[in-house]
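Here is the structure we will look at.
The values are calculated or read from the model by the stated rules, or taken from the named source; none is laboratory data. These numbers were taken from a predicted model, which means no experiment stands behind them. So basically every Cβ, Gly included, is an ideal-geometry build from the backbone, and we count neighbours across all protein chains shown. Areas reflect the complete protein model, heavy atoms only, side chains present, ligands, DNA and RNA absent. Shrake-Rupley method; radii C 1.70, N 1.55, O 1.52, S 1.80 Å.
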Amino acid sequence: MPTFQTPRAGERMIAVEEAQERVLAEVQPLGVERVTFTDALGRVLREDVRATADVPHGDNTAMDGYAVRAEDIANAPVSLRVIEDLPAGTVAAKRVEPGTAIRIMTGALLPEGADTVAHVEITDAGSDSVKVFESLRRGTNVRKRGEDMCAGDIVLAGGIPIHSAEVGVLASVQKVIVGVGRRPSVAILSTGDEIIDVGDAMTRGKVVNSNSYSLAARVCEAGAIPRMVGIIADTPEATVAAIESGLESDFVISSGGVSVGAYDFVKDALDTLGAETKFWQVAMKPGKPVVLSRVRGRLYFGLPGNPVSCMVSFHLFISPAIRKAMGQSTNLLPPIVQTRVVVPLKSRGDRRNYMRVRVVARDGELISQPMVSQGSGVSTSMVQANGLVVVESGITAVEAGSMVQTVLVGPVQS
Ligand code: AMP
Ligand code: MG
């Protein structure tokens with residue numbers, strides 16, 4: 001009969017921050033791929049992108065109205081002769097001379113001679129002549145050439161994630177083919193004799209494999225490509241074989257089998273494969289047993305089997321690793337904000353506790369509503385949760401209304 005697992009010489013439980021540092025120290029950015037900018041959403045930009053021309057490429061109007069000379073309307077109300085009509089995209093044939101105006105639509109280039117646009121709301125909207133009722137400061141309603149970007153400027157720096165705004169800027173500078181980081185492939189395996197797959201008949205004592213699927217979904221959300229390796233029996237041989245097949249991917253994640261149980265074979269299997277363990281236990285709850293190992297050049301993350309522990313350790317350690325592998329250069333760790341907790345919190349105080357909460361923006365501040373059940377097996381508690389309130393080791397109670405450190409693991413809504 002196998003015995004309980006014990007720490008190897010030199011292994012000690014480390015703090016979350018140290019574990020995150022060790023993870024990031026092990027990850028190098030993967031290679032660069034060239035993709036069409038419309039496929040770049042969710043990728044990381046790996047080159048500096050410069051503007052090739054001024055945007056806008058000339059002074060133009062921000063409003064529908066009349067291109068005028070500010071000095072002509074200084075003594076408003078005044079009437080001006082309308083000498084031309086200028087839809088957006090057309091260029092004036094005439095010049096605005098003293099006493100004249102050109103009717104102009106938003107976006108059209110400002111005609112020669114004009115320095116100001118009288119928006120239609122302060123005029124009588126006339127066609128042959130226009131009455132302007134108010135004076136304006138020179139330059140009012142004019143967007144200056146290069147106001148958005150100037151030719152040669154770096155408008156997007158390499159190392160940033162590409163969101164919708166970045167796609168817009170890529171389009172603006174006509175950067176059709178763009179260098180982005182390769183997406184890491186991530187092998188996912190779930191250990192446990194009790195685990196059955198989705199669709200298998202349930203029998204007493206079994207647990208449906210949810211970790212593989214939620215991990216795969218989180219891998220996708222982080223921008224990487226999951227590869228399902230399957231469910232691994234709790235034997236040393238099966239564990240070694242599964243880890244080996246995972247090594248075809250850039251990263252390997254397993255769930256379960258890393259605790260101190262007699263049938264937790266992941267650590268033994270890693271030893272058999274000659275892996276170099278970077279850490280085994282992290283001072284946190286949920287998720288104390290978390291393995292980081294280097295196996296034949298690949299990075300191996302052994303996460304605990306409890307679904308919540310698995311997810312919390314994914315956010316704290318694996319998302320940052322995926323971001324770095326894709327080439328993101330800053331802001332790799334999940335953001336930490338101060339939130340006001342609405343109910344009292346209790347914690348054992350033996351380790352730093354990450355408590356699942358729903359963070360909402362209300363009355364100008366962030367409010368944390370703790371999930372009713374904080375058990376590490378309660379996967380439904382992750383459904384609404386977008387934050388993890390940090391209750392430090394040694395703290396056993398937090399009063400309602402206190403401000404608390406909160407790790408954001410999802411978008412905040414109102
Ligand atoms: P372990 O870390 O292997 O001791 O597993 C702890 C507990 O996590 C198990 O008793 C299961 O209830 C649960 N668990 C392990 N693997 C999975 C999985 N793939 N999907 C859902 N729950 C799991
Ligand atoms: Mg197990």
Taking the stretch 62-81 and keeping residues buried (at least 21 other Cβ atoms within 10 Å of the Cβ) and in contact with a His (Cβ under 9 Å, 6 or more places away or on another chain) leaves 65, 66
Of (1) in contact with a helix residue (DSSP H, G or I) (Cβ under 7 Å, 6 or more places away or on another chain); (2) surrounded by fewer than 20 Cβ atoms within 10 Å (Cβ to Cβ); (3) modelled with pLDDT under 95, residue 332 fails just (3)
Looking only at the stretch 192-236, and only at residues there that are in a strand (DSSP E or B) and open to solvent by 80 Å² or more (accessible area, probe 1.4 Å), the one that is farthest from ligand 2 (Cβ to nearest atom) | 225
Output the qualifying pairs, or none if there are none: Cβ atoms under 6 angstrom, residues six or more apart or on different chains, first residue in the stretch 356-378 and under 19 Å from residue 287 (Cβ atoms), second residue open to solvent by 50 Å² or more (accessible area, probe 1.4 Å) and part of a loop (DSSP other than H, G, I, E, B).
-> 376/306; 377/306
For residue 252, which of the numbered conditions (1) out of contact with any Pro (no Cβ under 9 Å at 6 or more places or on another chain); (2) within 12 Å of ligand 2 (Cβ to nearest atom) fails to hold?
-> (2)
Would you say residue 186 is within 16 Å of ligand 1 (Cβ to nearest atom), in contact with a strand residue (DSSP E or B) (Cβ under 9 Å, 6 or more places away or on another chain) and either open to solvent by less than 70 Å² (accessible area, probe 1.4 Å) or among the aliphatic types (A, V, I, L, M) (or both)?
-> yes
Residues located in the stretch 289-300, provided they are within 16 Å of ligand 2 (Cβ to nearest atom) and in contact (Cβ under 8 Å) with a residue 40 or more places away in the chain = 290
Matching entry among 122, 154, 162, 177 (being open to solvent by less than 40 Å² (accessible area, probe 1.4 Å), of a type in the set (A, V, I, L, M) and more than 30 Å from residue 77 (Cβ to Cβ)) = 162
Just checking, which of 37, 4 is at pLDDT 95 or above and among the aromatic types (Phe, Trp, Tyr)?
-> 37
Those residues of the stretch 255-274 that are surrounded by fewer than 19 Cβ atoms within 10 Å (Cβ to Cβ) and more than 14 Å from ligand 2 (Cβ to nearest atom) come to a total of 4
